[in-house]
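Undergrad: Have a look at this one before I ask anything.
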């Protein structure tokens, strides 16, 4: 190799290298300047430049890029992607964005990409296809690939069956460590691309235990698998993915065997699939608390408007209900308009204090830190906190009212309404999610509406009611 | 082995087996009936029974059990735990509960337990000890264990340095696969108990690449590591754990090498540590949105009251500010009390709509789906959604007001206030978290206060202001 040659190579490699550095900002997110470069190249129809830019990206960053582009720019880029690039990028996408991207991919190219993906990821993508395109794509695939995708799709969405990959490393209990290593080295046909454990199975293919690869490597080649294996947590194929994530998190699992009803091994779930599930499930809870059912980054404005409309409509209903409570005391307000000024404060504080309690309860239910064993203690603790903060804020509120309106009786009433509402907020904040959970509903999804209905009505009623009773009689 | 012997063994094993089945309910959470059995045994001082019950539990479930018990029952159980049990259970605990448990453990026993833990977990525990006990415990440990803990503690909390374990499998680039496997089989001294990748390093111990164990097993024993290795993502030792979690999630990493400023390998982070971080970080965001800074299951009532007090006090301030807006229009309310009845509705709707926008924005910032590249598009989309839902609810609100009060002018005003506040809510809902993030604050932590201040004040002002201007002139 001559120096000139070396120089040439370095010269050729440099631009790609530079682009890779430029692609990510310091926080490992895609660099806005890089997105700008892609947009410019797409606008100019410079396909050579686009290819260069695409090749500088990791598949996860390419997926991010697609999310940042407008649909007209996606229309230029997606058809340029090779089957290889698609196979790695499609599994990084989800929701409406993935559906948009899939519409831009030619069926034969997609069939090729799916053949290169793991069975669980491929099934997810096929599930997102529209019916006619699905038929076309499946027809263009090899029989083996099509069968493995169809079998994955036979399991319900969000279950272990859909998360698992069918490829596993399993070995009979009478094998030695050396035999197992040899089996892998000779390239058994059903081996997954990446694996972390060997599952030891009985003659009916039921898991008896597992050995991490690092344990395998450390053991004497003569050791029997049945001697070194560790107990294993089996995942039933129909288990909900939230449950699977809970088990992985709790027992720090890296991979786990999935078994069908008879106990036979049918696949494995690995922790990298679970990290995504954990992200999704806690995000779902957080969005549900705010009344957002779905947040597709690439959803249309009309779609977003519609999805948020229903939650707001329910909230309008509860706001009107609370206003009806004020309406009952319209006569009192006509006599003393100052009541209308102070009236919203206790209600607002109840809503905030109740939301604190409720959020903690929803999280504790999700992480199973709240159950029958500590239920009474938890309820009692929340009520005690409500009483203590209630008394504290009753005093503050009383002082504020006295300073503002120089009316000691109204000050006492404002304080009383505050303590009543903060105690009610604490009780409602813990009992509403518990009740919804007990009845089989998602405690995150609808509890805030119930809570604010209670705290608004009680807040308004206790203040205006006491004022009418004491102040205006 | 005689049949009698066999029978005896089965007989002895049976109760333990039964207890294990009983310990968990169908959802893999600790069974309340089992907790009850522990409480009964502790009340009776039946230590033999307690030992039986403890031994039926996985360390993660033992940790859960400690969380469900009152402190008087913990005082019975914790001193019974062996160093082995402690070493596996302590890393499953955190927060005030772990501090409580640690107070009940004798220093020598704790020193022994720490010696058996991984360096990152042990450092975390030592960090939770009170100063005088920490000295006692460190003094009781072996020099090697103490030095490794002290070195872990030299990194800041919530950084890669604290998450990592120092034990790694590293190999020079000129080794073959066979040499590497032999090195592991001969039990290199610094090997971690469980590992997933071998890091290939240069003579200065800087990572050049990595090979998953499954790749190692599949490769020919003669292959050079430098030939089979894959590119590796290095984690700087001072990187924030949230950033580390983002990288693991984005690139589906199972383990990653941690490097110090000079680029030298100092440890590794594995995905099982990251699953906990991801749970914690998204939980933190969710709780911060509701104004809960910390939720120790075992925190005292006084502690919880105090931690929630400050958020409520800030909310009281904003509620009073909003009431001042009503106070400005006290004269109008005195003339027409119906205004006070309708007044809270637009403000409440603005708060809810703004929270929807805000929650989506906080999530998008956390997952880095929102950045300079799509900022304008996101802001524009939220405003468009605000306008559309604003118009829709203005119509609903107008109709409701007309039906209720038979006052067409008030109906128009109520509708106008609604559309104004929903548009303002959309703008505030996206700009407030973006602004906080830009200024380096946590967008989840304080954005709701700012938002509701805006939506309450604008809601009250637009309705009462328009009514004063149009209706009462």
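Rule-based calculations on the coordinates, nothing more; no lab input. Note that this is a predicted model, so its numbers are computed, not measured. Cβ: placed from backbone, ideal geometry, glycine included. Neighbour counts: every protein chain shown.
Undergrad: Considering Cα pairs under 8 angstrom that are at least six residues apart, work out the relative contact order of the stretch A:337-473 and quote it in whole percent.
TA: Details: 174 pairs, mean separation 53.4, N = 137.
39 percent.
Undergrad: If you don't mind, another one. So how far apart, in nm, are the two label points at residue B:242 and residue A:48 if each is 7 Å from Cα heading toward Cβ?
TA: 4.4 nm
Undergrad: Under the definition of partner shielding as Cβ atoms of other protein chains within 10 Å of a residue Cβ, what is the mean value for peptide A:267-273? The partial results should precede the final answer.
TA: Numbers: counts 0, 0, 0, 3, 8, 7, 1.
Mean number of neighbouring Cβ atoms from other chains: 3.
Undergrad: Using only the Cα atoms of the stretch A:163-318, what are the Rg and Dmax in Å?
TA: Cα radius of gyration and Dmax of the stretch A:163-318 are 21.4, 73 Å respectively.
Undergrad: May I pose another question? With each label point set 7 Å from Cα along the Cα-Cβ vector, what nm distance links residue B:173 and residue B:108?
TA: Spacing of the two 7 Å Cα→Cβ label points: 5.2 nm.
Undergrad: Nearest 5 percent is fine: what portion of the DSSP beta bridges confined to the stretch B:131-236 is antiparallel?
TA: On the way: 7 of 10 bridges.
Around 70 percent antiparallel, to the nearest 5.
Undergrad: Once you keep just the Cα pairs under 8 angstrom separated by 6 or more residues, what percentage relative contact order results for chain B? All intermediate terms of the calculation are to be shown ahead of the outcome.
TA: On the way: 592 pairs, mean separation 49.7, N = 473.
Reported as a whole number, the value is 11 percent.
Undergrad: Please work out the FRET efficiency for the pair residue B:380 and residue B:251, using the Cβ-Cβ distance as r and a Förster radius of 25 Å; give the result to the nearest 0.05. Could the numbers behind the result be given before it?
TA: Numbers: r = 31 Å, r/R0 = 1.26.
Computed FRET efficiency for residue B:380 and residue B:251: 0.20.
Undergrad: Can you give the FRET efficiency to the nearest 0.05 for residue A:71 and residue A:26, using r as the Cβ-Cβ distance and R₀ = 30 Å? Please report the intermediate quantities before stating the final value.
TA: Values: r = 29 Å, r/R0 = 0.98.
Efficiency computed from Cβ-Cβ geometry: 0.55.
Undergrad: With r as the distance between the Cβ atoms of residue A:183 and residue A:154 and R0 = 22 Å, compute the FRET efficiency 1/(1 + (r/R0)^6) and round to 0.05. Could you put the intermediate results ahead of the total?
TA: Numbers: r = 29 Å, r/R0 = 1.33.
Step by step, r from the Cβ atoms, then E = 0.15.
Undergrad: Rounded, prolate or oblate: pick one for the stretch B:220-270, where a ≥ b ≥ c are the square roots of the eigenvalues of its C-alpha gyration tensor, a/c under 1.5 means rounded, and failing that, prolate if a/b is larger than b/c, else oblate. Provide the component values of the computation, followed by the final result.
TA: Numbers: a/c = 3.09, a/b = 1.65, b/c = 1.87.
It is oblate, given that a/c is not under 1.5 and a/b is not larger than b/c.
Undergrad: Hey, another quick one. Residue by residue through A:322-330, how many Cβ atoms from other chains fall within 10 Å of the Cβ on average? Write out the running numbers ahead of the final one.
TA: On the way: counts 4, 9, 2, 1, 7, 7, 1, 3, 5.
Per-residue shielding by partner chains comes out at 4.
Undergrad: Continuing with this model, one more query. For the pair residue B:80/residue B:220, report the inter-label distance in nm, with labels modelled 7 Å from Cα in the Cβ direction.
TA: Here the modelled spin labels are 6.0 nm apart.
Undergrad: Mind checking the log10 I(q)/I(0) for the protein assembly as shown at q = 0.05, 0.08, 0.11 Å⁻¹? Debye, one equal scatterer per Cα, no solvent, two decimals.
TA: Log10 I(q)/I(0), no solvent term: -0.35, -0.88, -1.46.
Undergrad: While we're looking at this one, here's another question. What's the extension gain from residue B:40 to residue B:309 if we count 0.36 nm per residue and subtract their Cα-Cα distance? All intermediate terms of the calculation are to be shown ahead of the outcome.
TA: Details: separation 269, 0.36 × 269 = 96.84 nm, distance 3.68 nm.
That pair, residue B:40 and residue B:309, stretches by 93.2 nm at full extension.
Undergrad: Also, I was wondering about something else. Using helices alone, what [θ] at 222 nm do you get for chain B, with -39,500 (n - 2.57) per DSSP H run of 4 or more residues, divided over all residues and rounded to the nearest 500?
TA: On the way: 23 runs with 317 residues, N = 473.
Here the helix-only value at 222 nm equals -21500 deg cm²/dmol.
Undergrad: Ranked highest first by the average count of other Cβ atoms within 10 Å around their residues, in what order do A:358-366, B:441-449 fall? Before the final figure, lay out each step's value.
TA: Values: A:358-366: 24.7, B:441-449: 20.9.
Descending mean neighbour count gives A:358-366, B:441-449.
Undergrad: Of the beta bridges DSSP finds with both residues in the protein assembly as shown, what % are antiparallel, to the nearest 5?
TA: Numbers: 30 of 40 bridges.
Bridges in the protein assembly as shown are about 75 percent antiparallel.
Undergrad: Please state the relative contact order of the stretch A:252-368 as a whole percent: Cα pairs under 8 Å, 6+ residues apart? It would help to have the intermediate numbers written out before the result.
TA: Details: 38 pairs, mean separation 11.7, N = 117.
It rounds to 10 percent for the stretch A:252-368.
Undergrad: What average count of beta carbons from other chains do you get within 10 Å of the Cβ of residues in B:369-381? Don't skip to the answer; put the middle values down first.
TA: On the way: counts 8, 3, 9, 8, 15, 7, 1, 0, 3, 1, 0, 1, 6.
The per-residue average across the peptide is 5.
Undergrad: Additional query: Taking the Cβ of each residue in A:401, A:468, B:452 as the centre, tally the other Cβ atoms inside 10 Å and list the residues starting with the fewest. Can you show the working numbers first?
TA: Working: A:401 25, A:468 19, B:452 28.
With the fewest neighbours first, A:401, A:468, B:452 line up as A:468, A:401, B:452.
Undergrad: Now a separate question. What is the projected area of the convex hull of the Cα atoms of chain A, averaged over all directions, in nm²?
TA: 33.5 nm²
Undergrad: Got a sec? How would B:141, A:302 order by Cβ neighbour count within 10 Å, fewest to most? Mind showing how you got there, number by number?
TA: Numbers: B:141 21, A:302 11.
Result, fewest neighbours first: A:302, B:141.
Undergrad: What list do you get for B:134, A:368 if you sort them by fewest beta carbons within 10 Å?
TA: Listing B:134, A:368 from fewest to most nearby Cβ atoms yields A:368, B:134.
Undergrad: Taking the 0 to 90 degree range and rounding to the nearest ten, how far is the long axis of helix A:32-43 tilted relative to the main principal axis of chain A, both from C-alpha atoms?
TA: Computed tilt is about 60 degrees.
Undergrad: Calculate how many DSSP beta bridges within chain A are antiparallel, expressed in % of all such bridges and rounded to the nearest 5. Walk me through the numbers before you get to the answer.
TA: Numbers: 15 of 20 bridges.
Of all bridge pairs located within chain A, approximately 75 percent are antiparallel.
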